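Just below is one structure, and these are the notes that go with it.
The values are calculated or read from the model by the stated rules, or taken from the named source; none is laboratory data. Everything numeric here is computed off the predicted structure, so don't read it as measured data. Reconstructed Cβ throughout: ideal geometry from the backbone, glycine too, with neighbour counts over all protein chains shown.
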Amino acid sequence: MHLLKTRPSRAAAVSFALLFGIAALADNPVITHKFTADPAALVYQDTVYLYTGHDECPDRQNRYVMHEWLCFSSTDMVHWTEHPVPLRVSDFQWAQDDAWASQVIHRDGKFYWYVAVTHKTIPGKAIGVAVSDSPTGPFKDARGSALITNDMTTDVSISWDDIDPTVFIDEDGQAYLFWGNTKCRWVKLKPNMIELDGPIHTIDTLPHFTEAPWIHKHGDWYYLSYAYQFPEKTAYAMSKSITGPWEFKGILNELAGNCNTNHQAIIEYKGKHYFIYHTGGIQPNGGSFRRSVCIDYLYYNPDGTLKRVLMTTEGVQPAQ
């Protein structure tokens with residue numbers, strides 16, 4: 001029996017709290033019936049779509065077991081609707097396993113999902129692209145082959161340096177793919193979003209870069225946040241150009257509770273800014289290989305720098 005099925009529902013927890021006079025309930029993690037990891041989020045037509053990996057590691061084992069990605073949607077950042085599984089590793093015939101970190105982006109009526117997986121025939125991790133007409137899928141392989149493979153980045157000796165894709169479309173319409181472990185890399189994408197458009201570049205000004213890059217823009221500033229050291233904190237850098245140079249600004253989020261990794265998504269929705277991340281917060285069975293997505297507020301200083309995230313168990317209030 002899957003242990004998640006024995007957990008009480010949110011409604012049952014509310015009834016328990018009212019019965020015993022508990023003043024407040026913890027709203028983080030936001031998804032409690034499944035273990036979710038590596039969040040990415042997309043705001044589309046007044047709805048937030050949350051995309052996650054699905055941790056399925058058996059209890060008392062310490063390994064990543066991830067075969068599919070999940071999709072949830074919300075119009076208030078508090079109540080989430082789960083949609084049928086929109087994408088699995090098996091949807092990529094060239095992929096072997098490992099539904100690692102991913103991101104969905106919208107362009108010209110299509111939704112493109114960039115994912116990290118293990119390649120069947122080229123040793124190491126690879127990045128693929130799936131496409132759909134709907135943010136909730138179903139998605140299908142957009143290329144029939146990987147977009148990035150480990151033999152394209154040979155300056156590091158590890159086999160998992162091509163992971164954690166994040167995509168940003170700049171105001172001039174140019175799309176960029178960022179990714180990496182140990183080294184942060186970026187490349188331009190062609191307008192069709194499924195082909196590279198030029199050489200791969202490496203960013204060398206991010207101290208202790210581990211993985212999990214995420215690009216967002218606020219005002220005139222571009223922000224590159226990433227997992228820092230190991231166990232991972234989240235740090236960030238700023239630039240006036242998406243191609244850099246990037247200036248390191250410091251730590252954004254501390255160690256995620258009961259979890260070695262720290263993976264973030266940053267969005268603006270209904271006038272507020274959100275920091276979406278994962279912890280090992282569901283107990284007694286949560287941990288580094290059974291993670292859960294949480295959401296807290298993100299705040300900017302007047303000079304554009306970011307205030308350090310305050311991780312809470314209460315989470316955020318319903319967005320109006």
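The residues of segment 88-126 that are in a strand (DSSP E or B), touching an Asp or Glu at 6+ places or on another chain (Cβ under 7 Å), among the hydrophobic types (A, V, I, L, M, F, W, C) and more than 11 Å from M66 (Cβ to Cβ) amount to a single one, A126.
Please enumerate the residues belonging to segment 81-99 that are surrounded by fewer than 19 Cβ atoms within 10 Å (Cβ to Cβ) and closer than 27 Å to E268 by Cβ. Within segment 81-99, T81, E82, H83 meet the criteria. Could you identify the single residue in P39, P8 that is out of contact with any helix residue (DSSP H, G or I) (no Cβ under 8 Å at 6 or more places or on another chain) and either modelled with pLDDT of 50 or more or within 27 Å of M66 (Cα to Cα) (or both)? From the options P39, P8, the qualifying one is P39. Filtering H54, H79 for residues that are of a type outside the set (S, T, N, Q) and in a loop (DSSP other than H, G, I, E, B) leaves a single hit, H79.
Annotation note: of I215, I276, the sole residue that is in contact with a strand residue (DSSP E or B) (Cβ under 6 Å, 6 or more places away or on another chain), over 20 Å from E314 (Cβ atoms) and either at pLDDT 95 or above or among the hydroxyl-bearing types (S, T, Y) (or both) is I215.
Among the residues of segment 210-252, write down those that are assigned to a strand (DSSP E or B) and more than 26 Å from V43 (Cα to Cα).
Correct list: T210, Y228, E247, F248, K249, G250.
Of the residues A101, A126, A146, A95, the single one that is within 19 Å of Y49 (Cβ to Cβ) and in contact (Cβ under 8 Å) with a residue 24 or more places away in the chain is A101. V309: under 19 Å from the mean Cα position of the chain (by Cα), assigned to a loop (DSSP other than H, G, I, E, B) and modelled with pLDDT of 95 or more, yes or no? Taking the combined requirement at face value, the residue satisfies it. For segment 172-201, name all the residues that are on the phi > 0 side of the Ramachandran plot and without any contact (Cβ under 8 Å) to a residue 40 or more places away in the chain. Across segment 172-201, the qualifying residues are G173, G180, T182, G198. Of everything in segment 159-193 that is more than 14 Å from Y114 (Cβ to Cβ) and of a type outside the set (D, E, K, R), the residue that is surrounded by the most Cβ atoms within 10 Å (Cβ to Cβ) is C184.
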